[in-house]
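Worksheet: the structure to be examined is printed underneath.
Quick note: the coordinates plus some simple rules give every number you see, no bench work behind them. It should be emphasised that the depicted structure is a prediction, and the values quoted were computed from it without experimental measurement. For neighbour counting, all protein chains shown are included, and Cβ atoms are generated from backbone atoms with ideal geometry for every residue, glycine included.
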Amino acid sequence: MLVAWVALISIPLGLGQIGLSWDALNHHIYLGWVGNRPRFDRDFLAASYQSYQFPYLYWPVYKLSQSGLSGAWAGTVLASLQWLAVPALWVVARACIPGSTVFDAAMRVMAVALALMSTLFLSLFDSTSNDLLASVPLVWAVAFAMVALDTVHRKQPASRAVMWSGLFAGVAIACKLSNGPLAVLMPLLWLHSASALKSKLLNTLLGVAAILVGFFLSYGYWGWELWSHFGNPVYPFYDGMFVGPRAWLGWHP
């Protein structure tokens, strides 16, 4: 883990800076500002409809931009947060390559290294993009699902691992709604977390319930803010679905 952390922070330290993309100028800093304090009463479409994305993952970028840190050190802080995906990758590698020999351990190290060497993965370390940070809970959801699969071979209950997998999947959806199409596939893993059909179904239901809990705990406050101002907790998406509830409540946002 330490070697991986040093490798990741070496990118912004080696470059001496991080880049500001169009997205950073358009909404990365602004959303972090909104995460610091909602601005619905002051701004309207300040960064187009991206003004209403879940803002809290952008808060570190905003605070770093206000701190006076150099780009290299700001990038180091962001890389340290993105490093949180690495332990989850190790858990997945250990579940897929479970042997105890030196060769098995070396293959696990290589698997994690290959994951970290992806061009797409590395391209996010020299910018303010939060895509990798938003993916961290989803990677942990997969990691706990793999732990649940591993318990089948050890004849141990998998319910706790499935619950954590579902909670992280729910958090991932809250962080970025586009994680949803990936998170809804998690039951395909949970269905293999037990031998008996009844246990498989119960684990899957537990995981789905945990997704809902994780999502509402993470997204609840922001969803309430959007509902209070626009009558739509995922504004501007699916606004037509909330016309009926708004009319039934007798108010117009």
Margin query: Taking 2.2 N^0.38 Å as the expected size of a compact globular protein, what ratio does the Cα radius of gyration of region 159-253 give against it, to two decimals?
Written below: 1.30
Check: So how many Å³ per residue does the convex hull of the Cα atoms of region 81-227 work out to?
Finding: 111
Margin query: Sort 170-180, 212-222 by packing, meaning the average of other beta carbons within 10 Å per residue, with the highest value first.
Written below: 170-180, 212-222
Item checked: Within region 34-59, backbone nitrogen closer than 19 Å to the virtual label 7 Å beyond the Cα of Ser178 toward Cβ -> 47-59
Checklist line | Coil-residue chymotrypsin sites (Phe, Trp or Tyr not before Pro) of region 1-64, DSSP, other Cβ within 10 Å capped at 12 | finding: Phe44
Note to self: Please list log₁₀ I(q)/I(0) at q = 0.21, 0.26 Å⁻¹ for region 95-169, using the Debye equation with identical point scatterers on the alpha-carbon positions.
What the structure shows: -1.01, -1.11
Checklist line | Ellipticity estimate at 222 nm from DSSP helix runs (n ≥ 4, -39,500 (n - 2.57)) divided over the chain, nearest 500 | finding: -20500 deg cm²/dmol
Next item on the list: Compute the whole-percent fraction of alpha carbon pairs in region 145-201 spaced more than 12 Å apart.
Entry: 63
Notebook entry, point to check: When the convex hull of the Cα atoms of region 1-90 is projected onto a plane and the area is averaged over all directions, what value comes out in nm²?
Noted result: 6.6
Next item on the list: Could you estimate the translational diffusion coefficient of the chain from the Stokes-Einstein equation, with Rh from the Kirkwood formula over C-alpha pairs, at 37 °C and 0.692 mPa s, in whole µm²/s?
Entry: 164
Check: With a sphere of radius 13 Å drawn around the Cβ of Trp33, what net charge do the other residues whose Cβ falls strictly inside it have (Lys, Arg +1; Asp, Glu -1)?
Finding: +3
Next item on the list: State, as an integer percentage, the relative contact order of the chain based on alpha-carbon contacts under 8 Å between residues 6 or more apart.
Entry: 17
